[in-house]
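See below for the structure under consideration.
The values are calculated or read from the model by the stated rules, or taken from the named source; none is laboratory data. For clarity, every value in this text was computed on a predicted model and none was experimentally measured. Neighbour counts are summed over all protein chains in view; Cβ atoms, including those assigned to glycine, are modelled from backbone coordinates with ideal geometry. For accessibility, only protein heavy atoms count, side chains too; no ligands or nucleic acids. Shrake-Rupley method; radii C 1.70, N 1.55, O 1.52, S 1.80 Å.
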Amino acid sequence: MAPALPALVSPEALRAALDAPAGRPVVLDASTSLVTHGEGEPYTAGPLREQYLAAHVPGAAFVDVTGELSDPAGPYPFTLPSPGSLAAAFGALGVGDDTHVVVYDTVGSAWATRVWWLLRYLGHDRVSVLDGGLAGWQAAGFGTASGPADDEAARAVAASLTPRERPELLATLPQVERISSGAAPGLLVNALDPATFRGDQEVSTYARRGRIPGSVNLPLFTLLDPATGRFLPLDDLRERLESGGLLDAEGAVTYCGGGIAATLPAFAAYVVSGAEVAVYDGSLSEWTAAEGLPVAVG
């Protein structure tokens, strides 16, 4: 049997699991690029598959978060698909009800935590994030593979994942509006950088600059070690989350621009205390486009 893996898994623990004679986890590379454009124009995102082909954790398959794991007919980038469609996409990647998944990326771990959140929204708890991503794996002295062989081998065996939807992990626009107005208890946590939170960034990729009124700022990058890209030690991580109110608030909701960065503090809260934090999938893309909803600046 493979060793049990925690939600935040070290490169060493993953290496041991991959070396185990049975129960190997499915490893997914979720690396994605994000490019901003002109004022008020939406950003574009795409899979970093060529980067995966150049170097990846041996045995890992590549997953296109913007394609396979998003609703192509959704009104905003990265819109959450239906549970059935999402479960089928994971099944095609070899993820079944008894599969343990380890996901990583090469660009700050938020794409990996997005996949973590998607699986947990489906009711699948057997999922971990590789601490430090591919860079953390390499820094630990472990080698990489290249070429499409791993991807093809991993996708050759499809599985069946039963969706058991957890609606409490998904915050909706009406729910967020009630929290913002004070009509319902809760705390709205903005995971973006301070300039975007204040609305004074150089270029805005949303319909309007600013934040959801009543929210607080907890930038996702403050939860990571800037030198290594790994999550802060647990005591430091707990302190950061408590300073943002995320661990103590009833009905806490994280948001960002399009539901990606918001998953990282939600993941961190789960790692530290087992807290179940909802993510506002539409985030600022939906909120700022809705006429009549206020935004706060400054």
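Data for the structure
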read-out	value
Any chance residue 109 is polar (S, T, N, Q), farther than 19 Å from residue 285 by Cβ and either at pLDDT 95 or above or surrounded by fewer than 18 Cβ atoms within 10 Å (Cβ to Cβ) (or both)	yes
Identity of the residue in the range 39-54, closer than 23 Å to residue 287 by Cα and in a loop (DSSP other than H, G, I, E, B), that ends up modelled with the highest pLDDT	43
Only listed residue being under 17 Å from residue 279 (Cα atoms), open to solvent by 60 Å² or more (accessible area, probe 1.4 Å) and either of a type in the set (Lys, Arg) or out of contact with any Lys or Arg (no Cβ under 7 Å at 6 or more places or on another chain) (or both), chosen from 125, 98	125
Residue in the range 134-145 that is hydrophobic (A, V, I, L, M, F, W, C), open to solvent by less than 40 Å² (accessible area, probe 1.4 Å) and within 15 Å of the chain's Cα centre (by Cα) present	no
Unmet requirement for residue 155, which otherwise passes all of (1) of a type in the set (Lys, Arg); (2) within 20 Å of the chain's Cα centre (by Cα); (3) open to solvent by 60 Å² or more (accessible area, probe 1.4 Å)	(2)
Given (1) within 18 Å of residue 278 (Cβ to Cβ); (2) in contact (Cβ under 8 Å) with a residue 60 or more places away in the chain; (3) surrounded by fewer than 17 Cβ atoms within 10 Å (Cβ to Cβ), number of the condition residue 169 does not satisfy	(3)
Residue tally, condition open to solvent by less than 50 Å² (accessible area, probe 1.4 Å) and more than 15 Å from the chain's Cα centre (by Cα), over the range 49-66	10
Selected residue (criterion: least open to solvent (accessible area, probe 1.4 Å)) from residues of the range 181-238 that are polar (S, T, N, Q) and farther than 19 Å from residue 260 by Cβ	228
Hits in the range 1-34 (condition: under 15 Å from residue 59 (Cβ atoms) and part of a strand (DSSP E or B))	9, 26, 27, 28, 29
Checklist (1) crowded, with 19+ Cβ neighbours inside 10 Å; (2) in contact with a strand residue (DSSP E or B) (Cβ under 8 Å, 6 or more places away or on another chain); (3) within 18 Å of residue 279 (Cα to Cα); (4) among the hydrophobic types (A, V, I, L, M, F, W, C) applied to residue 118, failing item	(2)
